[in-house]
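Heads up: the structure comes next, in structure tokens.
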Amino acid sequence: MPKVTVDGITVEVPAGSTVLQAAELAGREIPRFCYHERLSIAGNCRMCLVEVEKAPKPVASCAFPVADNMVVFTDSPMTRQARRGVMEFLLINHPLDCPICDQGGECDLQDQAVGYGRDHSRYAENKRAVKDKNLGPLVKTVMTRCIQCTRCIRFATEIAGVPELGATARGENMEVGTYVEHALTSELSGNLIDICPVGALTSKPYAFVTRPWELTKTDSIDVMDAVGAAIRIDTRGGEVLRVLPRINEDVNEEWLADKSRFAIDGLKRRRLDSPWVRRDGQMRKATWPEAFAAIAARLRGLTGERIGAIAGDMVDAESTMALKDLMGLLGSINLDCRQDGARIDAARRDFYTFNTSIAGIEEADALLIVGSNPRREAPLLNARIRKRQVAGRFPVAAIGAAADLTYDATWIGDGPSALTGLLDGSQDFASVLRDAKRPMVIVGQGAIARPDGAAILAACWKLAAQTGMLAPEWHGFNVLHTAGGRVGALDLGFLPGPNGKNLDAMMGGGVDLLWLLAADEFDMSRIGDDTFVVYQGHHGDAGAARADVILPGAAYPEKHGTYVNTEGRVQRGSFATFPPGDAREDWKILRAASAVLGKPLPYDTLEALRARLEGANPVFARINQLPRFGCSDHSGPAGDPAALGEAAFVSCVPNYYQTDPISRASATMAKCAALYQPSLAAAAE
Amino acid sequence: MAENIGDGSTGENIAQPAHFAFDDESNAEIEKILAKYPAGKQASGSLPLLYVAQRQMGRQTGSAWVPRVAMDAVAHRLGMPPIRVYEVATFYLMFNTTPIGRYHLQLCTTTPCWLRGSDDVVAACRKFTGIKGWHETSADGLFTMTEVECLGACVNAPILQVNDDFYEDMDAARTGELLDALKRGEAPKPGSMIGRMTSAPEGGPNTLTTLHFQTAE
């Protein structure tokens, strides 16, 4: 490995590294605008100039490969002079509008101008003005501020896989944009805001809202999909103003999907801020004791089998545990967390998790997607698949409704018959999977949330076993979830007990009292007219509309919660702000209710409840850890692999922008849905 | 400001044709062009294909420009994202992204041409066509004037490029005659307007005049 001396510090770097990487290794910070670790190297901003011994002029360190015994100076007079010159050029046309710029306070150009800028401009000429572009409802543009680093162009082309941004014209007339005005068609467009080093691309919903130094920052976990991206929640005065990604190389790298980032305005609308009780057919505002008393009155005389509970899609494991324990104390085993009716076999954990892991996708060498559109169901995971394919030699086949996944995928059928073809080898892709060393299959909820779901799951497992996806050191069988709380609920066994009723059996009067824990995603009209419905949740959505008693709960930024993502990775979200009005953290509501109902839950603190979680399933002790494992037991999930139906697969997320109570309450998401999926948005109204 | 450079954000304020398809002549040309590139490297053909599109527009409408639909057609033909073709087409000034006249007068005003009287040529063009600024088209739609940088024919300065042809050794009078001929629909012979053989000295050779070559026996 070449040895490089940076400012007197000698470091050994891998051959092929750039001078900039060597300098970072030596702990020297190099200013940059166009260079970004996860994008291709452009080398056009020239801010990273350094002096290299024996080189006649400063070199752009981001694009200059190291050589053995190279001597680099990152802080020499020549380097500083060069960077000052570059900064002066960059500022020729950059407006002096920092006081009205949303990037102010977190702007690379602002920061670096402090280090390398002059105190005044030597240019008397007019600055150039560039017309703003309309990139849709999420990204605001002030193109006069653009320094043409082309990061956004490279992000859209390379990471998001939507080559729609470009630099048109040349020289002083060069502009970054789409040329033909249209909104970006990416679920990752919010990341453009993060990678833009200046204030050219900023957040449209967040425009002129606040300054970064006024915000309280809380590290948390995203639950808008089942990827479990690491996020930072920015709040001010009890209001969630912004959600930004944090770096988690194993999950989201440093990206975040648009729904997770922009649906937060839904946290302020349609909130349940006080208990409600139905009296004489009318919902009336009530106090907590009145609400609990109403439940206790209805429960009197009910046996366990007439009581049921359904856990929602964004529920934290603590609340799920508390509800399960409460139901246990009431003698009920009628539990279900699968609102979509997914035929999941929870006998073994690897039957329902994404066993390859998200980072593990990069090690795979062939992929089959069954009944899923990962671009809409898990955009970040989809970006990882794209990253793997861009790296080369990664055949992808998909079964379901053909769609643009941002990478090359062969659509080999739209229903279970294609699966049969793969199993008997008549479909060509079967041999691709067999020849691959580390093949993987992704089974979407669209494939298993249907009457023959168990058979399809079993057939996929059989295919996995046949094609070498199940090996002692490689597990290529993956179920892709879309609900942030689903895997946690499955881990806690929030499923019907022996002879217990599942969701279907609880409908139509199957139970007399139904406790909905933020469950809004099934058809409420299926609930029997005489069933007494307790809705505990945070939004006035479908469940609250049907409820007889409403217990106002907390949304994900308003509680400490444990969430398990689709991989089975246990992560903890944090409390960032208080729930509105009388709303409370969900496990506390359940604890209080249990006392009124005369069956007190045996925990009074979050710590005690978390100890209970660990007792229920030891995976909850492994926070943020995801051991990789293979599969040596090939016995598959329950279901007859031959009993496949005929119907074509339908993705479970037809409308990416409105999938849960928060995003349905969000005005920003409504705008996106109207723009990108007009037919669906019209149907929803 | 450089007015002769197309506005990069255009596409909105000019009337764009609704449809463009390569005709037979263009398709024949494209086949020849694409045969030069190995499979998977068709994107290299974007420059020549844009020229094909521009020439076809010239043939069909008398205005050799590349509308957006033509860029889309090129992108489709080469399997590229349209934006990549937009970038190329707007970068090179030889592609006209706005409609132009039948005769595109490209006037070099760089130092050698200027020293040899390009200002007179420009003035003559303005007088003849009635065009006031740069990158404007005359009222009759025949002429568009564009200021260009060095055309690389300084020995025959000043140069007036009309569409693809160089007219050299220009002055005000000869410019007037040339434009008159063009207006009548004639196609004057390109090259030196004073009868020079390429860039040979005016009035015949003035060096190596004593050399005599014997004819081979």
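The values are calculated or read from the model by the stated rules, or taken from the named source; none is laboratory data. Worth saying up front: this structure is predicted, and the values here are computed from it rather than measured. For neighbour counting, all protein chains shown are included, and Cβ atoms are generated from backbone atoms with ideal geometry for every residue, glycine included. What goes into the accessible areas is simple: the full protein's heavy atoms, side chains included, and nothing from ligands, DNA or RNA. Shrake-Rupley method; radii C 1.70, N 1.55, O 1.52, S 1.80 Å.
Could you list, in sequence order, the residues of segment A:528-546 that are crowded, with 24+ Cβ neighbours inside 10 Å and assigned to a loop (DSSP other than H, G, I, E, B)?
Within segment A:528-546, A:H538 is the sole residue that qualifies.
How about segment A:403-480: which helices (runs of 4 or more DSSP H) wholly inside it have at least 2 residues that are within 22 Å of the chain's Cα centre (by Cα) and of a type in the set (A, V, I, L, M, F, W, C)?
A:445-448
Across segment B:87-133, what is the total count of residues that are open to solvent by 20 Å² or more (accessible area, probe 1.4 Å), within 14 Å of chain A (Cβ to nearest Cβ), touching a residue at least 40 places away in the same chain (Cβ under 8 Å) and in contact with a strand residue (DSSP E or B) (Cβ under 8 Å, 6 or more places away or on another chain)?
Count: 1.
From the residues in segment A:42-57 that are in contact with a Lys or Arg (Cβ under 9 Å, 6 or more places away or on another chain) and not in a strand (DSSP E or B), which one is most open to solvent (accessible area, probe 1.4 Å)?
A:R46
Working only within segment B:76-86, note down all residues that are touching a residue at least 12 places away in the same chain (Cβ under 8 Å), assigned to a helix (DSSP H, G or I) and open to solvent by less than 40 Å² (accessible area, probe 1.4 Å).
Within segment B:76-86, B:L78, B:V85, B:Y86 qualify.
Considering only segment A:568-591, how many residues are open to solvent by less than 40 Å² (accessible area, probe 1.4 Å) and part of a helix (DSSP H, G or I)?
Counting residues in segment A:568-591 that are open to solvent by less than 40 Å² (accessible area, probe 1.4 Å) and part of a helix (DSSP H, G or I) gives 4.
Can you tell which of A:R32, A:R28, A:R80 is under 26 Å from A:I159 (Cβ atoms) and not polar (S, T, N, Q)?
Result of the check over A:R32, A:R28, A:R80: A:R32.
Identify, from the list A:L184, A:L188, the residue that is assigned to a loop (DSSP other than H, G, I, E, B), within 14 Å of another protein chain (Cβ to nearest Cβ), touching a helix residue (DSSP H, G or I) at 6+ places or on another chain (Cβ under 9 Å) and not hydroxyl-bearing (S, T, Y).
Within the list A:L184, A:L188, the selection yields A:L184.
Which of the residues spanning segment B:176-208 are outside any loop (DSSP other than H, G, I, E, B), open to solvent by less than 60 Å² (accessible area, probe 1.4 Å) and closer than 15 Å to B:N163 by Cα?
The answer is B:L178, B:L179, B:A181, B:L182, B:G191.
Confirm whether A:L302 is at pLDDT 95 or above and surrounded by fewer than 19 Cβ atoms within 10 Å (Cβ to Cβ).
Values: at pLDDT 95 or above: no; surrounded by fewer than 19 Cβ atoms within 10 Å (Cβ to Cβ): yes.
Criteria not met by A:L302.
Pull up segment A:113-145, narrow it to residues that are farther than 23 Å from A:R261 by Cα and out of contact with any helix residue (DSSP H, G or I) (no Cβ under 9 Å at 6 or more places or on another chain), then point me to the one that is nearest to the other protein chains (Cβ to nearest Cβ).
By that ranking, first place goes to A:N126.
Within segment A:255-285, how many residues are more than 34 Å from the chain's Cα centre (by Cα) and without any contact (Cβ under 8 Å) to a residue 40 or more places away in the chain?
First pass over segment A:255-285, keeping only residues more than 34 Å from the chain's Cα centre (by Cα): A:277-285.
Filter once more, keeping what is without any contact (Cβ under 8 Å) to a residue 40 or more places away in the chain: A:279-282, A:284-285.
Going through segment A:255-285 one residue at a time, the tally reaches 6.
Return the residue satisfying two criteria in turn: it lies in segment A:10-25 and is of a type in the set (A, V, I, L, M, F, W, C) and part of a helix (DSSP H, G or I), and of such residues it is farthest from A:M70 (Cα to Cα). Step through it out loud before you land on a result.
Of the residues in segment A:10-25, the ones of a type in the set (A, V, I, L, M, F, W, C) are A:11, A:13, A:15, A:19-20, A:22-23, A:25.
Those still in the list that are part of a helix (DSSP H, G or I) too: A:19-20, A:22-23, A:25.
Working: A:V19: 9, A:L20: 13, A:A22: 10, A:A23: 12, A:L25: 14 Å.
Looking at the filtered set, the residue picked out is A:L25.
For segment A:312-342, enumerate the residues that are within 17 Å of A:G444 (Cβ to Cβ) and buried (at least 22 other Cβ atoms within 10 Å of the Cβ).
A:D313, A:R338, A:A342
So, of the residues in segment A:268-282 that are open to solvent by 50 Å² or more (accessible area, probe 1.4 Å) and part of a strand (DSSP E or B), which turns out to be farthest from A:T668 (Cα to Cα)?
That would be A:R279.
Give the residue, chosen from A:A169, A:A160, that is among the small types (G, A, S), within 14 Å of chain B (Cβ to nearest Cβ) and on the phi < 0 side of the Ramachandran plot.
A:A160
Could you tell me whether segment A:659-676 includes any residue that is without any contact (Cβ under 8 Å) to a residue 12 or more places away in the chain and surrounded by fewer than 18 Cβ atoms within 10 Å (Cβ to Cβ)?
Among the residues of segment A:659-676, at least one is without any contact (Cβ under 8 Å) to a residue 12 or more places away in the chain and surrounded by fewer than 18 Cβ atoms within 10 Å (Cβ to Cβ), which makes the answer yes.
Spot the failing condition for B:A64; the list is (1) within 24 Å of B:H135 (Cβ to Cβ); (2) part of a helix (DSSP H, G or I); (3) not polar (S, T, N, Q), and only one is missed.
Among (1) within 24 Å of B:H135 (Cβ to Cβ); (2) part of a helix (DSSP H, G or I); (3) not polar (S, T, N, Q), the lone unmet condition for B:A64 is (2).
Please determine whether any residue of segment B:68-91 is within 18 Å of B:F143 (Cα to Cα) and within 20 Å of the chain's Cα centre (by Cα).
no
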